[in-house]
1. Given 243, 255, which one is polar (S, T, N, Q), over 18 Å from the mean Cα position of the chain (by Cα) and modelled with pLDDT of 80 or more?
2. Going through region 79-100 one residue at a time, which ones are in contact with a helix residue (DSSP H, G or I) (Cβ under 9 Å, 6 or more places away or on another chain) and open to solvent by less than 80 Å² (accessible area, probe 1.4 Å)?
3. For region 103-147, give me each residue that is of a type in the set (A, V, I, L, M) and under 15 Å from residue 52 (Cα atoms).
4. Mind checking which residues of region 103-114 are hydroxyl-bearing (Ser, Thr, Tyr) and either open to solvent by 40 Å² or more (accessible area, probe 1.4 Å) or outside any helix (DSSP H, G or I) (or both)?
5. Identify all residues within region 287-345 that are among the β-branched types (Val, Ile, Thr), surrounded by 19 or more Cβ atoms within 10 Å (Cβ to Cβ) and in a loop (DSSP other than H, G, I, E, B); write none if there are none.
6. Which condition number in (1) in contact (Cβ under 8 Å) with a residue 12 or more places away in the chain; (2) open to solvent by 50 Å² or more (accessible area, probe 1.4 Å); (3) basic (Lys, Arg) is the one that residue 148 fails?
7. Any residue at all in region 87-95 that's touching a Cys at 6+ places or on another chain (Cβ under 9 Å) and either assigned to a loop (DSSP other than H, G, I, E, B) or modelled with pLDDT under 90 (or both)?
8. Where in region 115-230 are there strands (runs of 3 or more DSSP E), lying fully within it, with 2 or more residues that are at pLDDT below 85 and touching a strand residue (DSSP E or B) at 6+ places or on another chain (Cβ under 8 Å)?
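The values are calculated or read from the model by the stated rules, or taken from the named source; none is laboratory data. Keep in mind it's a predicted model, so treat the numbers as computed, not measured. Heads up, the Cβs are rebuilt from the backbone with ideal geometry, glycines too, and the neighbour counts pull from every protein chain shown. The area values use the complete protein model at the heavy-atom level, side chains included, leaving out ligands, DNA and RNA. Shrake-Rupley method; radii C 1.70, N 1.55, O 1.52, S 1.80 Å.
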Amino acid sequence: MSAADSVVIRNIYYMMAYAFRALDVKEYTRLGAESFESFADLMAAVLTIGMATQRRRGFEREYEEQREALHAVKGRIDVRGTMRLRAQLRSEVACTYDELTADTYKNRILRTCAQLLVARDDVQLRRRRDLRRCLASMEGVAVVDPHRIEWSRLRYHRNNGGYRFLMTVCYLVAHGFLMSEQGDDYRLARIDDGQQLHALFEHFVFQYFAREHPELIVRAKMVDRGASEGAPEFLPRLWTDVTLQRRNSILIIDTKCYGQILQARFEGKILSPAHLNQIQSYVVHESYGYPTEHVAGMVMYALTDHDDAICARWEEIGHTWHCRTLDLGQEFSGIARQLDEVAALV
């Protein structure tokens, strides 16, 4: 693996470390000093620690309805089922009862993705051994088709909040959208279905500013539309990804991690009108609500291997606008420097 490959893989770890407070615990922080042979190797290391931690806390369990013919009553009697048994001259009672099981949908996803990593040659042998030990504690949990996982079906609450991070790791493992593999060269890939990756990028940017720039007020806020009374309820809410504020200066950042940045049109390459209209809507509505404050807007893209770096600034309708790319293929110190430059704009 080349030094460039190692840089990209290392930066994925840093992004996850900032985006998820889960990586602040001691078990994860030691990964910062380790080397990884591939993206899959990093995911295996993270998933091993996550599964071991979840095992100590207790894997998620849910009640599942069971139907069984028994010689003694258990739970509720299924009258119709019992009558059918009698017609077959069987001296049993059809019962339905709830049984607590670890064979939940989240655990199935966890087991499936762990097995995918165990089967990969680019995962270090010791990590595969560790994953196998974790899998041994999930006996009785079925597997699912990784191509047909219903991610929207997942629900979280206070008792299973630890699964939110684990399911993000599983998503990256199952989809493999994070990196494009061309021979031995690993580069950031074009994202065709990157909702989860976009969320990772957004959380990383937000948490970096929140943790490294305490002098700023960092929020993901809903901008007031200033709509009249009786406005229709179907108007979409204006939620910003990242809002930075220093006294009377505000910078609203809309993060993007989707495919190509500039679109080809007959007049040349242009910025996505939808992305530009979105950030303009945020800024105009925010400045309407706070006319004494200077409000600027920025569209920040994760730089992929399909585009050139962009660092543009212009004035329009009384506001300052920025379009920047964040190169995730450089050393993390360079990423931090780029984000620090953005913080200095506020």
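1. On the way: 255 fails: over 18 Å from the mean Cα position of the chain (by Cα).
Within the list 243, 255, the selection yields 243.
2. 92, 93, 94, 95, 96
3. At the first step, the residues of region 103-147 found to be of a type in the set (A, V, I, L, M) are 109-110, 114, 116-119, 123, 125, 131, 135-136, 138, 141-144.
110, 114, 131, 135, 136, 138 - these are the residues of region 103-147 that are of a type in the set (A, V, I, L, M) and under 15 Å from residue 52 (Cα atoms).
4. Step one: list which residues in region 103-114 are hydroxyl-bearing (Ser, Thr, Tyr), which gives 104-105, 112.
Matches in region 103-114: 104 only.
5. Step one: of region 287-345, the residues among the β-branched types (Val, Ile, Thr) are 292, 295, 299, 304, 310, 317, 320, 325, 335, 342.
The next check asks that each one be surrounded by 19 or more Cβ atoms within 10 Å (Cβ to Cβ); those that pass are 295, 299, 304, 325, 335, 342.
The answer is 304, and nothing else.
6. (1)
7. Here is the first cut: in region 87-95, the ones touching a Cys at 6+ places or on another chain (Cβ under 9 Å) are none.
Taking every residue of region 87-95 in turn, none turns out to be touching a Cys at 6+ places or on another chain (Cβ under 9 Å) and either assigned to a loop (DSSP other than H, G, I, E, B) or modelled with pLDDT under 90 (or both).
8. On the way: elements: 179-182, 185-188, 217-219.
Per the criteria, 179-182, 185-188.
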